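**Q** This structure is in structure tokens; I'll ask about it shortly.
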Amino acid sequence: MDKKLRIGVFGGARGQTMIDVLLHHPDAELVAVCDKYQPLLDSTKKKAEGCGIDVKLFNNFDDFIEYDMDAVVLANYANEHTPFAIRAMKKGKHVLSEVLPCETMAQAVELIETVEETGLVYAYAENYCYMKHAFEMWQRYKSGDIGEAMYGEGEYIHDCSSIWPQITYGERDHWRNRMHANFYCTHSVGPLLMMTGLRPVKVVGFEVKPPEDLLELGDYRGTGIEMVTLENGAVLKSIHGDLKREPCSINYELYGKKGMMESGRLSPASTLNVYIESEKRCVGKWENYEPTPRISPESAEKYTSHGGSDFFPTHFFIEKILGRPDGEWSIDVYDAVNMGICGLLGYRSVLAGNISIDIPDLRDKSQRDKYRNDNACTNPDIAGDQLLPRSSYGEPEISDEVYDKVRELWLNGQNA
């Protein structure tokens with residue numbers, strides 16, 4: 001192409017991985033970065049200058065969104081993506097949104113309708129779908145290797161307690177300190193939904209009892225579990241949270257009518273094990289191997305963050321805007337919302353005693369009105385009188401001194 005896409009990044013911390021891709025992508029250029037923390041802007045400018053690129057810096061979104069850009073990457077706080085995505089699209093910008101897609105059901109409806117009204121590209125940067133093993137499973141399922149899905153498990157166990165000061169900054173109302181157990185679900189359920197291409201129709205949620213030592217960090221919520229039924233009757237188990245194990249566990253299993261696939265749990269996470277049954281019952285063959293990228297392999301192998309998965313969301317977003325075939329691997333707004341509301345409605349199930357909750361098909365406009373004013377969440381600024389407790393086990397009082405101590409650790413560059 002003659003002219004590169006002009007792309008800006010909102011959020012200079014998590015956004016660094018997208019910045020790294022944009023600084024070297026043949027079809028796009030990084031033109032602007034916005035963040036409230038000046039040291040991040042300074043380090044980003046220095047990195048860009050090292051690549052011979054002059055990047056415009058902003059400390060507020062109002063000025064940033066007025067800049068001459070074709071698209072924006074939203075790498076801001078995980079509970080604030082929808083409002084900024086809507087603002088960006090209404091300004092004529094394509095949007096790549098980091099995890100998570102929405103905080104409420106009302107936001108899910110508004111986000112979908114904004115994408116439909118503007119006709120712009122919305123892509124969801126669920127990088128765990130592009131982990132080497134997960135992306136290989138997605139491609140192999142699409143090829144029909146194991147047949148129609150029957151059961152799957154997705155696991156994202158990551159104990160973040162030691163780095164809590166570095167990711168919450170001692171902010172009482174930081175989204176990580178306000179989220180409920182089922183909120184951060186798309187790392188575990190998302191890859192399975194993309195592998196199968198099937199829509200979730202029901203969810204039953206569970207919350208593991210919160211560990212008491214979280215209170216020392218200013219947080220209180222347990223590990224989340226969702227049991228999700230798909231439109232073909234298949235069932236998925238999704239688990240995510242801060243259970244104790246090191247290193248963290250990123251694991252997927254998917255059973256089909258002809259075989260199964262699973263990533264290595266204790267062996268390297270990129271290992272893939274595939275079983276395919278022969279024409280004779282209970283007789284088949286195993287494949288055990290380390291997948292390598294099939295799509296844009298030379299570019300993909302230059303990136304190592306999150307197991308090399310961080311390259312693909314940005315790359316496929318660019319390909320989608322340009323109308324190229326590889327853009328089909330970009331995750332659209334409907335799939336993004338389906339992932340996210342498994343957790344939102346899963347928590348409703350938890351609070352209602354683990355009952356089964358129907359998951360709406362928000363592609364169907366007739367199903368949207370029920371949720372148009374549904375702002376129930378754990379964020380008082382959004383929920384109003386629909387505020388939910390952050391845990392089904394209660395809402396303990398946490399003193400300001402706790403957050404002051406965490407903030408001091410952050411300012412001193414220390415972990416908990």
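The values are calculated or read from the model by the stated rules, or taken from the named source; none is laboratory data. This structure is a prediction, so every number in the text was calculated from the model and none was measured. Cβ: placed from backbone, ideal geometry, glycine included. Neighbour counts: every protein chain shown. Quick note on the areas: whole protein, heavy atoms, side chains included, nothing else; ligands and nucleic acids left out. Shrake-Rupley method; radii C 1.70, N 1.55, O 1.52, S 1.80 Å.
**Q** Does N232 qualify as being open to solvent by less than 40 Å² (accessible area, probe 1.4 Å) and assigned to a loop (DSSP other than H, G, I, E, B)? Steps first, answer last, please.
**A** Working: open to solvent by less than 40 Å² (accessible area, probe 1.4 Å): no; assigned to a loop (DSSP other than H, G, I, E, B): yes.
Answer is no for this residue.
**Q** Could you tell me which residue of the stretch 210-220 is farthest from K244 (Cα to Cα), considering only residues that are open to solvent by less than 10 Å² (accessible area, probe 1.4 Å) and in contact (Cβ under 8 Å) with a residue 60 or more places away in the chain?
**A** G218
**Q** Then there's this: Of (1) among the charged types (D, E, K, R); (2) touching a residue at least 24 places away in the same chain (Cβ under 8 Å); (3) open to solvent by 30 Å² or more (accessible area, probe 1.4 Å), E116 satisfies all except one. Which?
**A** Every listed condition holds for E116 apart from (2).
**Q** Moving on to the next point. Given the options E279, E287, E216, name the one that is more than 22 Å from the chain's Cα centre (by Cα) and closer than 30 Å to E408 by Cβ. Write out each step before concluding.
**A** Working: E279 fails: closer than 30 Å to E408 by Cβ; E287 fails: closer than 30 Å to E408 by Cβ.
None of the others qualify; the one that does is E216.
**Q** Say whether the condition of being in contact with a strand residue (DSSP E or B) (Cβ under 8 Å, 6 or more places away or on another chain) and open to solvent by less than 10 Å² (accessible area, probe 1.4 Å) is met by at least one residue in the stretch 387-399. Break it down stepwise before answering.
**A** Here is the first cut: in the stretch 387-399, the residues in contact with a strand residue (DSSP E or B) (Cβ under 8 Å, 6 or more places away or on another chain) are 387-388, 391-393.
Filter once more, so that each one left must be open to solvent by less than 10 Å² (accessible area, probe 1.4 Å): 391.
For the stretch 387-399, residues in contact with a strand residue (DSSP E or B) (Cβ under 8 Å, 6 or more places away or on another chain) and open to solvent by less than 10 Å² (accessible area, probe 1.4 Å): present.
**Q** Moving on. What residue, among those in the stretch 178-187 that are of a type outside the set (A, V, I, L, M, F, W, C) and either without any contact (Cβ under 8 Å) to a residue 12 or more places away in the chain or touching a Phe, Trp or Tyr at 6+ places or on another chain (Cβ under 9 Å) (or both), is surrounded by the most Cβ atoms within 10 Å (Cβ to Cβ)?
**A** The initial filter retains those residues of the stretch 178-187 that are of a type outside the set (A, V, I, L, M, F, W, C), namely 178, 180, 182, 184, 186-187.
Add one more test, that the residue is either without any contact (Cβ under 8 Å) to a residue 12 or more places away in the chain or touching a Phe, Trp or Tyr at 6+ places or on another chain (Cβ under 9 Å) (or both), and what stays is 180, 182, 184, 186-187.
Details: H180: 24, N182: 30, Y184: 23, T186: 28, H187: 24.
Selected residue: N182.
**Q** Criterion first (within 30 Å of M261 (Cα to Cα) and either small (G, A, S) or surrounded by fewer than 22 Cβ atoms within 10 Å (Cβ to Cβ) (or both)) does M150 satisfy it? Quick ask: steps written out before the conclusion?
**A** On the way: within 30 Å of M261 (Cα to Cα): yes; either small (G, A, S) or surrounded by fewer than 22 Cβ atoms within 10 Å (Cβ to Cβ) (or both): yes.
Yes: the conditions hold for M150.
**Q** Now for a different question. Within the stretch 20-74, count every residue that is outside any helix (DSSP H, G or I) and in contact (Cβ under 8 Å) with a residue 24 or more places away in the chain.
**A** Filtering the stretch 20-74 down to residues outside any helix (DSSP H, G or I) leaves 23-37, 51-60, 65-74.
If we keep only those that are in contact (Cβ under 8 Å) with a residue 24 or more places away in the chain as well, we get 23-25, 27-37, 51, 53, 55-60, 65-74.
Of the residues in the stretch 20-74, 32 are outside any helix (DSSP H, G or I) and in contact (Cβ under 8 Å) with a residue 24 or more places away in the chain.
**Q** Select from the stretch 195-206 the residues that are open to solvent by 20 Å² or more (accessible area, probe 1.4 Å) and either farther than 25 Å from A125 by Cβ or not in a loop (DSSP other than H, G, I, E, B) (or both) and list them in ascending order. Steps first, please.
**A** Initially, the stretch 195-206 is screened for residues open to solvent by 20 Å² or more (accessible area, probe 1.4 Å), giving 197-199, 201-202, 204, 206.
The answer is V201, K202, V204, F206.
**Q** Among the residues of the stretch 397-416, write down those that are part of a loop (DSSP other than H, G, I, E, B), in contact (Cβ under 8 Å) with a residue 24 or more places away in the chain and over 28 Å from the mean Cα position of the chain (by Cα).
**A** I398
**Q** Condition test on N379, is it open to solvent by less than 50 Å² (accessible area, probe 1.4 Å) and under 15 Å from R221 (Cα atoms)?
**A** Working: open to solvent by less than 50 Å² (accessible area, probe 1.4 Å): yes; under 15 Å from R221 (Cα atoms): yes.
Against the criterion (open to solvent by less than 50 Å² (accessible area, probe 1.4 Å) and under 15 Å from R221 (Cα atoms)), N379 qualifies.
**Q** May I pose another question? Considering the stretch 86-142 alone, what residues qualify as being closer than 28 Å to S263 by Cβ, outside any strand (DSSP E or B) and of a type in the set (S, T, Y)?
**A** Y128, Y130, Y141
**Q** Looking only at residues in the stretch 359-376 that are loosely packed, with under 12 Cβ neighbours inside 10 Å and of a type in the set (D, E), which one is nearest to I112 (Cα to Cα)?
**A** D364
**Q** Okay, moving on. Out of the residues in the stretch 252-267 that are within 22 Å of the chain's Cα centre (by Cα) and at pLDDT below 95, state the one that is most open to solvent (accessible area, probe 1.4 Å).
**A** The selected residue is R265.
**Q** Residues of the stretch 374-396 being part of a loop (DSSP other than H, G, I, E, B) and under 24 Å from the mean Cα position of the chain (by Cα), which ones? It would help to see each step written out before you state the result.
**A** Of the residues in the stretch 374-396, the ones part of a loop (DSSP other than H, G, I, E, B) are 374-376, 378-379, 388-396.
Of everything in the stretch 374-396, those that are part of a loop (DSSP other than H, G, I, E, B) and under 24 Å from the mean Cα position of the chain (by Cα) turn out to be D374, N375, A376, T378, N379, L388, P389, R390, S391, S392.
**Q** A follow-up question, please. Just one of (1) within 24 Å of A234 (Cβ to Cβ); (2) surrounded by 17 or more Cβ atoms within 10 Å (Cβ to Cβ); (3) modelled with pLDDT of 95 or more trips up K285, so point out which.
**A** Going through the list (1) within 24 Å of A234 (Cβ to Cβ); (2) surrounded by 17 or more Cβ atoms within 10 Å (Cβ to Cβ); (3) modelled with pLDDT of 95 or more, K285 breaks only (2).
**Q** On to the next question. Name the helices (runs of 4 or more DSSP H) wholly within the stretch 288-372 that hold at least 1 residues that are more than 24 Å from V109 (Cβ to Cβ)? Let's see the steps before the verdict.
**A** Numbers: elements: 297-300, 311-321, 333-351.
Passing ranges, in order: 297-300, 311-321.
**Q** Identify, by number, the condition in (1) buried (at least 24 other Cβ atoms within 10 Å of the Cβ); (2) within 18 Å of the chain's Cα centre (by Cα); (3) of a type outside the set (D, E) that W175 doesn't meet.
**A** Condition (1) is where W175 drops out.
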